[in-house]
Amino acid sequence: MSRTSLIEPVPAWDGFDDDLRLSRVAAGTPADCARFTIDGIQPERVLFPDSAEQVCRILQIASVRGVALVPAGFGAHLGLGGSLLRPFAVLSLAAINALVDHQPANMTVTAQAGMRVAELQDAVAQSGQWLPVEPPLPEATSVGGMISADLNGPSRFSQGTVRDLLIGITVARADGTIVKSGGRVVKNVAGYDLAKLYCGALGTLGVIVEATFKLRALPAAVTVARIPCSDMLEARELLERIRTAPLEPRLIELLTPVPTAGSDCVIVVGFSGSEEDVANQQETLRALVHGKMIEERAGKAAAAALAELRDANVRGEALLKLKASLLPTGLPAFVSALEDASAEHGLTMAVQAHAGNGIVRVHVRRPEAEATHRSAGTLVEELRAGAAALGGVLIVEQAAPDIKPELDIWGGEIEALPLMRRIKNALDPKRVLSPGRFVGGI
Amino acid sequence: MQDIVGDDGVVSHPTELSVYDCDGYTLEKSAPDIVVLPRSTGEVAAVLKLLRREGVPFVPRGTGTGLSGGCLPLGAPVMVSLTRMNRILDLDPVNRRAVVQSGVINAWVSREARPHGLHFVPDPSSQMACSIGGNVAENSGGPHTLKYGVTTNHVLGVTLVLPDGEVVRLGGMTEDAPGYDLLGVTVGSEGTFGVVTEAVLKLHPLPQACKTLLAVFDSVADGSAAVSAIIAGGIVPAALEMLDHMIIQAVEDAFHFGFPRNAGAVLIAELDGLEAGLERAAGRVRNVCEANGATEIRVARDDREREALWKCRKRAFGALGRLAPNFCCQDGVVPPNRLPEIMERIAAIGKAHDLRIGNVFHAGDGNIHPILLYDERDRDETERVVAAGREILRECVRLGGSPTGEHGIGVEKVALMPLIFTPDDLRTMEEVRAVFDPDDCCNPNKIFPSAERQVEVRAPRRQAAM
Ligand SMILES: Cc1cc2nc3c(=O)[nH]c(=O)nc-3n(C[C@H](O)[C@H](O)[C@H](O)COP(=O)(O)OP(=O)(O)OC[C@H]3O[C@@H](n4cnc5c(N)ncnc54)[C@H](O)[C@@H]3O)c2cc1C
């Protein structure tokens, strides 16, 4: 834990409230506080600034009054990251939600951070375009939240991730100044690409107020095929065949329960493009799995299947939600490690992997008989060691509030952690923003 | 130094040093006092530790093809050249990754990956000569980065030796490394964060098929209107490159490809992907070009013709030596629908300054490269080149673009930074820089206007032909 935690300021809530009233910042109701509960802890206040200037004011006031702020959108993804170190106020960007500039001819869009991703998609869809990022729950996810939490879906395999599409950003720094980097053109190397820093930083470096993205043309056709496999061996062999086939899949997912014995795993392959392109690829895929039953969906049914894949990680209760980053070839070995752990701890799990990217999500179900805290902690460490043995890493994305304090969320060995601390120190020296949520207790 | 890098790893003779006095941006020159050529990450670390102990600033250098003076030593007596770190360390075709030392030449990676049906996407026109370290530092693009993204989208990790000699790994072999995306800021940091010694690169499958069209227009304005209509129509060609009349003539004289010498502009549009859908996409591009005044459209018959065409495009700069003793290649960006406007402005600026300006550029992403011809012996003309270049870039900014799309700020464009960034924006970038280089000893006096210029500009010499 960082040394600064010993000298954390004592928040002066009364003064904080007075200052906010003077600045006419809208404060939320107790119901809002309940809505933004993080790891079972309610925020002391929820604030709804209506302009970037108000965001800056709040940051300045918080820094003077010793109040910790958690930047947020609608609160759908606040369980990510470590537990907060002190009582906090939530700064919701929900009221800063305009579409700033959509240039269909240049395929770029600029939106304020509080805009819902689904609304952004609807707006650009009118010009036949989309932002090819699929955060879970797009109707409850803000643009700023999508960036901060680096929320990507299955199509990252072909479309890239938030960082690949983000071309400009405007941020309120912890000291209350507005700064930007990048711009509104798709190619630009003027100055450092600071937008990358805020991507996935969980709001610990600044409050994103506006962002510009590249767009792509909405595909004319989308299909999704589910291919059941009798075991991981077969799945592995099939993945290899898909990889080397003349296909350009939009996504390749692997879904399997653990223990896998006696139950199917499924490979999901999605295509999008012109009708002709997609039909041809489906044909190739069918030939590839020769005669195996595959369920194919197109149109609305395909869209529904995609939405289900996209949202799966945030839906459903689990004791633990883990994410491993591996080499794509490490996937089968990692699933065996899960098998071993499942047998040893008597736990069942569900796995969803972006198979082409080596990103694996594991949901560990809450056992019938109450598990001890120690067993959750050991499980995480065992699986982390399993991932490490394959050259990968593992983090805890979500944990039930009763076990979270016992867990190492990010893993002990973060490369370049001292540099990261120095970045935090440069941009938020008073540790106003989400203290404790990020790696190494940042 | 010799103890660290060996006797043959240090260059200090003045005539040898003059090779290192500029990169592809030749308007300013300054030679280092010595050049050090380490062979490993460990040697780089030892070199930087020694320099730190002695308090000597340094500048990293790849192969010196940069076009903004990025590796020009300005108050940095020592140059660290990566050219001896030129090994491909690992190529993993199944996971589609390559691990390379930073002195590896860009084109070597694709050459090695090709037998596995893969390639490294970023393909700067200088790809036969530029290094991966330079690509990382400049976040380089190329004709085919329109569809597939520039360097930053294809690098998974780097090994960086910080200016104090500490070795850190940013990113890695797997995606989504936990922590801040320090890799993302390091790419494009123009050699101011330390020395990149290794990189983990993503490889991409070679497209199953390609279709390459050459559309001929009466004017650059017509060609630009076609580009803007293609992009607006949601078609993403793999590449969309334009050459204007002056460049067509120079290239034709040099390479005899068979370009229509009288054309006002030609547009190279390449579509790639799966065989089946290509014909139709090509048909759409053809229609858009015709609707925008294309007088002729040719299709490359086979791979040989296609490769010959790309060779001409990529060697266009080299052909310019025939037109003038010197040239300055500018690099600006406008939103694609403003291309017709910026092309008009460039012509007007050229006229006002009595200069010849050619254009050969990555049209699809609005990344223009006006090429200003001059003779360095003519002082007045040289000054007009500098003034006209600035004016063009100001116009790019006015139209909503950027003063650099891929060549970087370097020394060349420092004065333009306040046009697009506020003092607070710049302060923030400098604070981030100080995290990596607190003593301001790694490639000092670059990028930021606060940098004090400490160099005497010598009269430029003839441009080396590429
Ligand atoms: C004919 C020609 C065509 C070109 N076409 C294109 C094009 O299509 N697209 C494009 O983007 N660019 C193009 N360029 C520009 C140039 O080739 C690129 O910027 C290239 O990436 C520079 O690589 P380099 O190895 O030559 O770097 P250098 O010129 O040696 O250095 C460039 C910068 O990178 C830093 N640097 C180099 N290596 C390292 C390292 N290992 N660690 C840290 N810092 C380092 C240097 O300090 C300097 O700031 C072209 C140049 C020429 C001459």
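The values are calculated or read from the model by the stated rules, or taken from the named source; none is laboratory data. Predicted model only: the values in this text are computed from it and were never measured. Every residue, glycine among them, receives a Cβ derived from its backbone with ideal geometry; neighbour counts consider all protein chains shown. The accessibility values were calculated without ligands, DNA or RNA, using every heavy atom of the protein model including side chains. Shrake-Rupley method; radii C 1.70, N 1.55, O 1.52, S 1.80 Å.
The local environment of residue B:251, defined by Cβ-Cβ distances under 13 Å, has a net charge of +2 under the rule Lys, Arg +1 and Asp, Glu -1.
Here the dipole of the protein assembly as shown is about 540 debye; that uses its Cα centre as origin and unit charges on the Cβ of Lys and Arg (positive) and Asp and Glu (negative).
Using a 1.4 angstrom probe on protein heavy atoms only, the contact between B and A buries about 6100 square angstrom of accessible area, both sides summed.
Charge tally around residue B:99: other residues with Cβ under 11 Å, Lys/Arg +1 each, Asp/Glu -1 each, net -1. Peptide B:162-175 has a mean of 4 when you count, residue by residue, the C-beta atoms of other protein chains within 10 Å of its C-beta.
Each Cα pair under 8 Å and six or more residues apart adds its separation to the average, and for region A:60-172 the resulting relative contact order is 22 percent.
Compute the Cα gyration tensor for region A:402-442, then decide on rounded, prolate or oblate, letting a ≥ b ≥ c be the square roots of its eigenvalues: rounded whenever a/c is under 1.5, prolate when a/b is larger than b/c in the other cases, and oblate in all that remain. Oblate.
Structural descriptor for region B:209-318: relative contact order 44 percent, calculated from alpha carbon pairs under 8 angstrom and at least 6 residues apart.
Around the Cα centre of chain B, unit charges on the Cβ atoms of Lys, Arg, Asp and Glu (plus for the first two, minus for the last two) sum to a dipole of about 840 debye.
From the Cα gyration tensor of chain A, with a ≥ b ≥ c the square roots of its eigenvalues, which class applies: rounded if a/c is under 1.5, or else prolate if a/b is larger than b/c, or else oblate?
Judged from the Cα gyration tensor, chain A comes out oblate (a/c at least 1.5, b/c at or above a/b).
The alpha carbon centroids of region A:79-149 and region B:114-158 are separated by 30 Å.
Taking the accessible area of region A:274-366, probe 1.4 Å, and keeping the other protein chains in place, the carbon and sulfur fraction comes to 52%. For residue A:29, tell me the accessible area in Å² from a 1.4 Å probe, rounded to the nearest 10. Accessible area of residue A:29: about 70 Å². With loop membership from DSSP and a limit of 10 other Cβ atoms within 10 Å, the longest segment of chain B without GluC sites (Glu not before Pro) is B:1-451. Under 18 Å from a label point set 7 Å out along the Cα-to-Cβ vector of residue B:116, the amide N atoms of region B:141-155 belong to B:154-155.
Hey, got a sec? Which trypsin sites (Lys or Arg not before Pro) in region B:233-327 land in a DSSP loop and have at most 13 other Cβ atoms within 10 Å?
For trypsin sites (Lys or Arg not before Pro) across region B:233-327 that sit outside H, G, I, E and B with at most 13 neighbouring Cβ atoms in 10 Å, the list reads B:261, B:301.
Only protein heavy atoms count here; on that basis, with a 1.4 Å probe, residue B:116 has an accessible area of about 100 Å². Per-residue shielding of A:171-182, expressed as the average number of other chain Cβ atoms within 10 Å of the residue Cβ, stands at 3.
Peptide B:425-433 is shielded by partner chain Cβ atoms: per residue, an average of 6 of them sit within 10 Å of its Cβ.
Region B:239-282 and region B:161-198 have their alpha-carbon centroids 38 Å apart. Helix A:373-389 versus the longest principal axis of chain A: what is the Cα-based angle in degrees, 0 to 90, to the nearest 10? Rounded to the nearest ten degrees, it is 60.
Out of A:357, A:79, B:17, whose Cα points farthest toward the positive end of the dipole of the protein assembly as shown (charges: +1 Lys, Arg; -1 Asp, Glu; placed on Cβ)? The listed residue farthest towards the positive side: B:17.
Where does helix A:275-288 land angle-wise versus the long Cα axis of chain A, in degrees 0 to 90, nearest 10? Approximately 60 degrees, to the nearest ten. Annotation: Cα Rg of region B:67-200 relative to the compact-globule expectation 2.2 N^0.38 Å equals 1.01.
Of all complete DSSP H helices in chain B, not one has a Cα span along the helix axis of 27 Å or greater and a mean Kyte-Doolittle hydropathy of 1.0 or more. The C-alpha atoms of region B:159-240 occupy a region whose extents along the principal axes are 57, 30, 21 Å, arranged from largest to smallest. Scanning chain A for trypsin sites (Lys or Arg not before Pro) in DSSP loops with at most 14 neighbouring Cβ atoms within 10 Å leaves A:25-291 as the longest stretch between them.
Considering region B:209-318, its Cα convex hull presents a mean projected area of 6.2 nm². Relative contact order for region A:1-102: 32 percent, from Cα pairs under 8 Å spaced at least 6 residues apart, divided by residue count. A Förster distance of 51 Å, applied to the separation of the beta-carbon atoms of residue A:220 and residue A:10, puts the FRET efficiency at 0.30. If you take all other residues with their beta carbon under 14 Å from the beta carbon of residue A:45, and give Lys and Arg +1 and Asp and Glu -1, the sum is -2. What shape does region A:316-406 take by its C-alpha gyration tensor, where a ≥ b ≥ c are the square roots of the eigenvalues and a/c under 1.5 counts as rounded, a/b above b/c as prolate, and the rest as oblate? It comes out prolate by the Cα gyration axes.
Roughly how many whole Å is it from the C-alpha centroid of region A:289-354 to that of region A:193-231? Their Cα centres are 19 Å away from one another.
Computed from Cα atoms, the angle from the helix A:232-244 axis to the main principal axis of chain A rounds to 90 degrees. In region A:312-442, a dipole from Cβ-located charges (positive for Lys and Arg, negative for Asp and Glu) runs towards its positive end, and of A:435, A:343, A:314 it is A:435 whose Cα lies farthest in that direction. Can you find, among A:191, A:133, A:103, the residue sitting farthest towards the positive end of the charge dipole of region A:99-217, where Lys and Arg contribute +1 and Asp and Glu -1 at Cβ? Of the listed residues, the answer is A:191.
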